[in-house]
Amino acid sequence: MSEQKIGQLHRSWQAVIGDELSKPYMESLRDFLKQEKAAGKTIYPPGPLIFNAFNHTPFEQVKVVIIGQDPYHGPNQAHGLSFSVPQGVDLPPSLQNIYKEIAADLNIKMSRNGDLTPWADQGVLLLNATLTVEQANAGSHQNKGWEQFTDAAIAALNARREGLVFVLWGSYAQKKGAIIDESKHLVLKSVHPSPLSAHRGFFGNRQFSTINGYLVKHGQAPINWQL
């Protein structure tokens, strides 16, 4: 089999949603991104990292899906995994709150490293609804086509897999996950971990231990959340 090229969609995902890449909406999205770059705009994450979530978590290895909205729009933050930042970058406020909840739920100490790649490599699909953003312009690439592509990914997981855990934090993620069949999968919902809402039910939701309990019950290895 040919080598996977850097930045290409992982072949396991190509097999289930590769058709999306040639649809008119994706052609339009590619044109939009080219125009933005030609206009001198800085786009995050860097091109080779746009499909990072898919490439670290092949389709058949997904156990858990954590749905985010947009990539971070500050320098050196976005690297293609929802809620994650590269090692050495300050923890964003939502990720700080995620770490607080993990520490309280599982009684473990979390580091200051915000790179969630070890989760992705264990089967946690860290999927943003929109996979690119313009620097310093939150939400700038919404409604350009990415949502349709990531909806297709969620629909494929819902239809072709069983016993997954979908984690929907906040109303946006909950709307995006509305298609999930709760008779086949575990769907966990709460308010978003943002400082604006975390105190209204994110803290104390104990979802990380719930995820691991469900995985073990279904014959899967639990996720090691400690970083």
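The values are calculated or read from the model by the stated rules, or taken from the named source; none is laboratory data. Source: prediction; values computed, not measured. Every residue, glycine among them, receives a Cβ derived from its backbone with ideal geometry; neighbour counts consider all protein chains shown. Side chains are part of the model used for accessible areas, which takes the heavy atoms of the whole protein and leaves out ligands, DNA and RNA. Shrake-Rupley method; radii C 1.70, N 1.55, O 1.52, S 1.80 Å.
For each pair in LYS100/LYS175; LYS34/LYS109; LYS63/LYS144; LYS23/LYS175; LYS63/LYS100, compute the distance between the two Cα atoms and list the pairs where it is over 32 Å. Listed pairs above 32 Å: LYS34/LYS109. Take the chain with all the other protein chains still there, run a 1.4 Å probe, and you get 47 Å² of accessible area per residue. Across the alpha-carbon set of the chain, the Rg to Rh ratio works out to 0.95, Rh being the Kirkwood radius. Once you sort the root eigenvalues of the Cα gyration tensor of the range 29-91 as a ≥ b ≥ c, which label holds: rounded (a/c under 1.5), prolate (a/b larger than b/c) or oblate (the other case)? It is oblate, given that a/c is not under 1.5 and a/b is not larger than b/c.
Between GLN35 and ASN224, what length in nm is gained on full extension when 0.36 nm per residue of separation is reduced by their alpha carbon distance? Extra length from GLN35 to ASN224 when fully extended: 63.9 nm. Once the other residues with Cβ under 12 Å from the Cβ of VAL89 are scored (Lys, Arg +1; Asp, Glu -1), what is the net sum? Its environment carries a net charge of -1. For ASP115, the residues whose amide H sits under 5 Å from its own are VAL85, GLN87, ignoring neighbours fewer than 5 places away on the same chain, with H placed 1.01 Å from N. When the Gaussian network model of the chain links Cα atoms closer than 10 Å, the mean-square fluctuations of LEU49, LEU29, LEU157 top out at LEU29.
Helical content alone sets the calculated 222 nm signal of the chain at -10000 deg cm²/dmol, taking -39,500 (n - 2.57) per DSSP H segment of four or more residues and averaging over every residue. Apolar share of the accessible surface for the range 1-89: 52 percent from carbon plus sulfur atoms, 1.4 Å probe. When a 1.4 Å probe is rolled over the protein heavy atoms, the share of accessible surface on the range 115-179 that falls to carbon and sulfur comes to 43 percent. Computed over the range 65-122, the percent of Cα pairs more than 16 Å apart is 42.
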